[in-house]
1. Need the failing condition index for residue 35 against (1) modelled with pLDDT under 90; (2) open to solvent by 60 Å² or more (accessible area, probe 1.4 Å), just the number.
2. Out of all the residues in region 248-266, which are modelled with pLDDT of 85 or more, open to solvent by 50 Å² or more (accessible area, probe 1.4 Å) and within 23 Å of residue 535 (Cβ to Cβ)?
3. Collect the residues in region 241-274 that are closer than 22 Å to residue 291 by Cα and polar (S, T, N, Q), keeping them in residue-number order.
4. Can you name the condition, by its number, that residue 205 falls short on among (1) without any contact (Cβ under 8 Å) to a residue 40 or more places away in the chain; (2) open to solvent by less than 30 Å² (accessible area, probe 1.4 Å); (3) more than 20 Å from residue 149 (Cα to Cα)?
5. Can you tell me which residue in region 632-655 is most open to solvent (accessible area, probe 1.4 Å), limited to those that are in a helix (DSSP H, G or I), of a type outside the set (D, E, K, R) and more than 18 Å from residue 613 (Cα to Cα)?
6. When region 545-562 is examined, which residues are found to be part of a loop (DSSP other than H, G, I, E, B) and modelled with pLDDT of 90 or more?
7. Looking only at region 147-164, which residues are in a strand (DSSP E or B) and under 12 Å from residue 60 (Cα atoms)?
8. Across region 612-631, what is the total count of residues that are of a type outside the set (A, V, I, L, M), closer than 19 Å to residue 458 by Cβ and either crowded, with 16+ Cβ neighbours inside 10 Å or out of contact with any helix residue (DSSP H, G or I) (no Cβ under 6 Å at 6 or more places or on another chain) (or both)?
Amino acid sequence: MQGFYYLIPGFLSACLLTSSVMAASTDSLIGKKVENFSLKDFRGKTVQLSDQKEQKFAVIAFLGTECPLAKLYGGRLQRLSEEFAAQGVTFYAIMSNQQDSLTEIAAYAKKHEITFPVLKDVGNHVADQIGARRTPEVFLVDQAGIIRYHGRVDDQYGVGYLKDEPNREDLKVALTELLAQKPVSITETKPVGCFIGRLREPDAQSTVTYSRQISRLFQKHCVECHREGEIAPFALNEYQEVAGWAETIAEVVRDQRMPPWHADPAHGKFANDRSLSKEEKELIYQWVEHGAPEGDPKDLPTPQTYVTGWKLPQKPDAVFYMDDKPYTVPAQAGKRGVKYQYFTVDPGFTEDKWITGAEALPGNRAVVHHILVFARPPQGKRVRVFGEGDQFLVGYVPGSREVMMHPGMAKKIPAGSKLVFQMHYTPIGSEQQDRSKVGLVFTEESKVTHQVVTAQVINEDFVRRRFKIDANDDNFKIEATSPPNDRKALLLSYMPHMHLRGKSFRYELRKKPDQPGEILIDVPAFDFNWQTAYGIEKPIPLEIGDYIHCVAHYNNSDSNLSNPNPNESVSWGDQTWNEMMIGYFNVAIPKEEATPEDQFKTVAFKLIRSRDKNSNGQLEQAEVPLRELPLFFQADQNKDTIVTVEELTSLLEKTRGKKQD
């Protein structure tokens, strides 16, 4: 998977990749004759198909300089050309996108070390003649110019999935069969990729133009990521570039893959909602249908300004790298991929720090799938709500944004805390290095009215591996309920977390743990590659005794194309081939109520939570194993056959406190 600009599965599945469809016509291209063509390469040399007429076969690959999939397959096609050159096979790369300049084509060829001809198809005439629609899309022709195979290179990448290795190398198989004088077993597959950016004739009478409406729409929803130096693989702030992507843009918007937003609009309103309105979508469709007219450049909006490198509204007050030296990501990692890497950094905080903003920034976006940054406070310094501590700071995943707190709100990093980076890397076929970092924005304690704490909902039985997700189950359900809230608070945001088998995730606010409550947010189509944090537009008050309940579903069947192995049952674990079910959520509590944890109460809470089958925040006699009943009766001070966290805390203080003395 050679290619420095590999941009993680999220952009493969949502940002650029179009549906896995054949050309607009359903007619097969197999047996069609490819006429001789004459094109110039990026150096100005004229190349013809007939130049290699003595070769047995020719592979004609339509590529593009910015489509993520075309970037991935550049190096792979070069390796195939080297493998089959001695057997009489020649390769051509044809660049038909109107937006691909000769300079960009030259850079693409150099980056992927391509030695076969890379040709500019001005006016997309050759693409039209052959019938190419996508990048990448390959045509295998014989000496007579007859198409013998057409479609994808292999099946490793597709809409919404990325496999560690291909199950079938279609082009290679077709070449091998033909060279052995055998019929091609599968002559046509569905090419998956970006539409070729063809020249279009704009409608001069169109009332919708780039300068008047579309530029403003993209500035509002897209340019934050689609600009030079950011995660998106191409910019959307110049007409010539945008026009070349017009057809692809319309398709991914119509399929609701862009902008990336997965929450059901029926539940909740969110400050960071990226979704387009019906009216905005219609503007895009009309603009594309009318040939993507530019309009009068005088109508363009004033360009927005951004902090270079950071999405934070200001430069961070402190920046901490994950390590003193870069981590080397191997070229290949097999079916299991690269294990999560953990790095611990001492920021040297000798006093408490209050954080109003944070952003995790990958050093090498080509290989960084996600980053999670935690603060690990010294023992006894955590503040807990819903039984959970304040250790999570910020994450980076495709499409994630910086974390900025509401005025008066901040996260606290106690003096002496360490920063922990959890890094998930995805190899790209060539050895890479990464040195990611986190930027923090501080505020004065006197300006803080509420401390923000990250809590989570998890299923203890799943975490302790008391059950697994069944093999070949396309709708396996896991539920979990938080302990009862123990203080008034404001609910600020949600971030559901699952892995490759994750299907859907829902949060509820419940008054009783075993009775349905209000749906706070529903993510009906969870995507591991776009793990969004959903910021609530207006914080939701939480009362003492409230519960957060989460329901997750998993698709562990072969209908889930991201599934590493549908025939395996799946247990809890950090790695992507394992699964998780975590309902993260941020709450704000008045600063005066944010007292540090009591270590005995923390132990008591964990002991009760691991046995609390009905999630009511206390332990009933029927929930206790027989061997633990003596301890249960000892802790039950009022003899009501119920043990509360306070009762167990009191017992632990007496027994363990004496041991410490």
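The values are calculated or read from the model by the stated rules, or taken from the named source; none is laboratory data. Note that the structure is a prediction, hence the values are computed from the model and not measured. When we count neighbours, we look across all protein chains shown, and the Cβ atoms used for this are built from the backbone with ideal geometry, even at glycine. Just so you know, the surface numbers come from the protein's heavy atoms only, side chains and all, with ligands and any DNA or RNA stripped out. Shrake-Rupley method; radii C 1.70, N 1.55, O 1.52, S 1.80 Å.
1. Result: residue 35 passes all but (1).
2. Within region 248-266, 265, 266 qualify.
3. 248, 256, listed by residue number.
4. (2)
5. The selected residue is 634.
6. 546, 555, 556, 557, 558, 559, 560
7. Hits for region 147-164 are 147, 148, 149, 150, 151.
8. Of the residues in region 612-631, 7 are of a type outside the set (A, V, I, L, M), closer than 19 Å to residue 458 by Cβ and either crowded, with 16+ Cβ neighbours inside 10 Å or out of contact with any helix residue (DSSP H, G or I) (no Cβ under 6 Å at 6 or more places or on another chain) (or both).
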